[in-house]
Amino acid sequence: MALAELGRRRALSAAVAAGALLLSTPAATAAEALRTDAQLLAPGVSYRPFEMSTAHGPVVGYLLTADLRVPSVELDLLHPGSVAARDEVPDMTNARGAIAGVNGDFFHISEEHEGIPATGSSVGPAIADGHDLKAAVPDGQRFGPALPAGTSTEDVFGVGVDRRARVSSLELDGLLRSGGRTAEISGLNQYALPVDGIGAYNADWGVVSRERAVCGTDDDRSAPCSEQTEEVVVSDGVVTATQDRPGAGGIPAGTVVLVGREGGAAELEELKLGDRVVVETHLSAAETPPLDFAVGGFPILRDGRPLPGLDTEELAPRTAAGVSADGRTAYLLVVDGRSTASTGLSVRETADLLGSLGAVDGVNLDGGGSSTVAVREPGQDLATVRNVPSDGVPRPVANGVGIFSR
């Protein structure tokens, strides 16, 4: 038996012993299930549907594996063209010419503040083809299951400029300079700003209203919208407009709209028409080298072990992403749920399964009705949905992870 196969079986056996992934028969291991029905989509890219028997019923899953040692294989962000927008996974996959894709980060899907629309924007940071699209909202403003201890909305799954996949985190470094004054920029194209913060919005944001950015607090998503706000439009480095409340509409290239709340609003109120302003923003990774692609997701697997405190009760469709020890192999996992054909998994079970497949680090992506996998087989013109979304049809989502063969 190959060492890799033996390692996978031992990992799954440990999960069973811990009571996390309860298989009804010892033979029904993930490794055995995945030995059949593997399909090569392109050199270095494989797709495998599989079935598992668990103590709570059958589970149907889908695994995409990308070997980043193959020069033609790449991972990148799938997105609708604007941060504040949504689209279905197969549409984003085909628009980008990817051979496969899964849904990505949790997103702003519903809104409790009267008169404020949901933006459709994702929770965490996002980088597409080396371009910073957005930063993370405050932890208390996120959607999704509870964060494990020691994690935050800044955590991401991504690929570095060295072509190695990894789980990392991205912090926004932002600065506003005007005359002799400086102020911190604490948001980039995100649906919620920290209290006292200033956010920068550019053409990547889209046309959706920016008013949601000043609602809630760092700890309470449903807290009232701030009454102390200011918006400043900077075109080609010059202040061209100011107003008390955040606005809406497309932002032209070369223009940055600054939105402030509380202390951040007071800083922006110091700017006057005609003032020259420099706005700098950059997403910095927790470790080098820089990330060329990143999508938000909360860690569930670290150094081959599930993080403590992961939920073991709620069964649901799940989407997850993982990386091998050397960062050269990326795993994209989707499991169906909420049906008699597939019960779904808990977050803890998802971590166990991801580890049994060969990942040492991994993140949980959006699940439930968002979980979708699309695949384009050799000879096909378009990628099509391969799983059974629990809503009955694919849900429009904020972003996804695409696998490309260039």
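The values are calculated or read from the model by the stated rules, or taken from the named source; none is laboratory data. Here the structure is a predicted model, which is why all the values come from computation and not from measurement. Cβ coordinates were reconstructed from backbone atoms using ideal geometry, including for glycine residues, and neighbour counts include every protein chain displayed. Accessible surface areas use protein heavy atoms only, side chains included; no ligands, DNA or RNA. Shrake-Rupley method; radii C 1.70, N 1.55, O 1.52, S 1.80 Å.
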Are there GluC sites (Glu not before Pro) in segment 242-291 that DSSP marks as loop and that have at most 16 other Cβ atoms within 10 Å, and which are they?
GLU269, GLU270, GLU287
Counting pairs of alpha carbon atoms under 8 Å apart in space and at least six apart in sequence, what relative contact order in percent does segment 294-391 give?
34
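Sort ASP391, ASP236 from largest to smallest accessible area, using a 1.4 Å probe on the heavy atoms of the protein chains.
Details: ASP391 85, ASP236 125 Å².
Ranking ASP391, ASP236 by accessible area, largest first, yields ASP236, ASP391.
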If you plug each phi of segment 317-330 into the Karplus form 6.51 cos²θ - 1.76 cosθ + 1.60 with θ = phi - 60°, what whole-Hz ³J(HN,Hα) values come out, in order, with x for Gly and Pro?
x, 9, 10, 8, 9, x, 9, 6, 4, 8, x, 8, 10, 10
Which value in deg cm²/dmol, rounded to the nearest 500, describes the helix-derived mean residue ellipticity at 222 nm for the chain, given -39,500 (n - 2.57) per DSSP H run of n ≥ 4 and division by the residue count?
-3000 deg cm²/dmol
So how tilted is helix 3-17 from the main axis of the chain? Cα-based, degrees 0 to 90, rounded to 10.
80
Could you report the accessible area of ASP162 in Å², rounded to 10, computed with a 1.4 Å probe on the protein chains as they sit in the structure?
60
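Taking a 1.4 Å probe, which of LYS272, LYS134 shows the most accessible area, and what order do the others take after it?
LYS272, LYS134
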Which length gain, in nm to one decimal place, applies between ASP173 and LEU382 when the Cα-Cα distance is subtracted from 0.36 nm times their residue separation?
71.3 nm
How much of the accessible area of the chain, probe 1.4 Å, is carbon plus sulfur, in whole percent?
50
Suppose every Lys and Arg Cβ carries +1 and every Asp and Glu Cβ carries -1, with no other charges. What dipole size does segment 108-233 come out with about its Cα centre, to the nearest 20 debye?
480
Work out from phi, with θ = phi - 60° and the Karplus expression 6.51 cos²θ - 1.76 cosθ + 1.60, the ³J(HN,Hα) of each residue of segment 287-294, listed in order in whole Hz, and give x for Gly and Pro.
9, 8, x, x, 8, 8, 9, 7
To the nearest 10 Å², what's LEU63's accessible area with a 1.4 Å probe?
10
Based on the mean of other Cβ atoms within 10 Å per residue, sort peptides 38-46, 382-390, 181-189 so the most packed one is first.
181-189, 382-390, 38-46
Accessible surface of ARG376 in the full protein assembly, 1.4 angstrom probe, to the nearest 10 Å²?
60
For the chain, accessible area per residue (1.4 Å probe, heavy atoms of protein chains only), Å²
39
Compute the Kirkwood hydrodynamic radius of segment 166-305, taking the inverse of the mean of 1/r over all pairs of distinct Cα atoms, and give it in Å to one decimal.
16.0
Residue among ASP303, ASP76, ASP155 with the largest mean-square fluctuation in a Gaussian network model of the chain, springs linking Cα atoms under 10 Å
ASP303
Given C-alpha coordinates of segment 95-142, what is the ratio Rg to Rh with the Kirkwood estimate of Rh?
1.05
Relative contact order %, the chain, counting alpha carbon pairs below 8 Å whose residues are six or more apart:
25
Percent of Cα-Cα pairs per 5 Å bin, from 0 to the last occupied bin, for segment 249-406, please list those.
2, 7, 13, 15, 15, 12, 10, 9, 8, 6, 3, 1, 0
Whole-angstrom gap from segment 318-392 to segment 221-298, using each part's C-alpha centre:
35
Residue separation between ASP139 and ALA55 times 0.36 nm, minus their alpha-carbon distance, gives in nm 26.9 nm
